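The values are calculated or read from the model by the stated rules, or taken from the named source; none is laboratory data. Fair warning: this is a prediction, and the values are worked out from it, not measured in the lab. Quick reminder, even Gly has a Cβ in these numbers, built from the backbone with ideal geometry, and neighbours come from all protein chains shown. Surface accessibility is based on the protein's heavy atoms, side chains included, excluding ligands, DNA and RNA. Shrake-Rupley method; radii C 1.70, N 1.55, O 1.52, S 1.80 Å.
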Amino acid sequence: MSVILQSLDKQEFTVSMEVAQQSMLLKDMIAAREDAESPIVLKFVLGSVLAKVIEYCEHHQNDPLDENNALARSYDISSWDYQFLKADNVMLALMTNASKILRIERLRDLCAVVIGNLVCGKTDEEISTLFNMRINLPDELRELVDNGKTWTDFRVQDQPSLE
């Protein structure tokens, strides 16, 4: 049995039930839907990103499950996963977001490890360049951050009472 997934940009992907059900969100949606023939519309993910997520799920569809019916966790990154996650950094960020929303824990965790390794020791400007982002901080906040301040160095100013 298979299911059709439709991306934000209306691309359709036919995947096996085993592949789709690696996503806890899709598993719940499949169980709850009344019309098994209509596509499941995923308005939060582009077709190019969904294709990569599906490729990952197809590769891992026969991985062992743990007692909670989730993929067994391993923090060792296989050579296939390493090559797969060597996508450009913007795609990596988009796959992380999609795996979080789709609730594919193993893919989300692998993306987080790779992103953590990429950003380790980098400045905010280097990180924003890595992921093609713009960070617009007010000058006062930029000065504090540039001087090595962290969120723990900030204290809440006198706040008005809620009474």
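Kindly provide the set of residues from the range 33-60 that are open to solvent by 60 Å² or more (accessible area, probe 1.4 Å) and either part of a helix (DSSP H, G or I) or hydroxyl-bearing (Ser, Thr, Tyr) (or both), ordered by number. Listed by number, the residues that qualify are 48, 55, 58, 59. With respect to the conditions (1) modelled with pLDDT under 85; (2) not in a helix (DSSP H, G or I), residue 125 lacks only one, and its number is (2). The set of residues in the range 75-97 that are farther than 19 Å from residue 130 by Cβ and open to solvent by less than 40 Å² (accessible area, probe 1.4 Å) contains only 81.
Pairing residues of the range 37-53 that are closer than 16 Å to residue 107 by Cα and in contact (Cβ under 8 Å) with a residue 40 or more places away in the chain with residues that are β-branched (Val, Ile, Thr) and open to solvent by 50 Å² or more (accessible area, probe 1.4 Å), at Cβ distances under 9 Å and at least 6 apart in sequence or on separate chains, gives 45/101.
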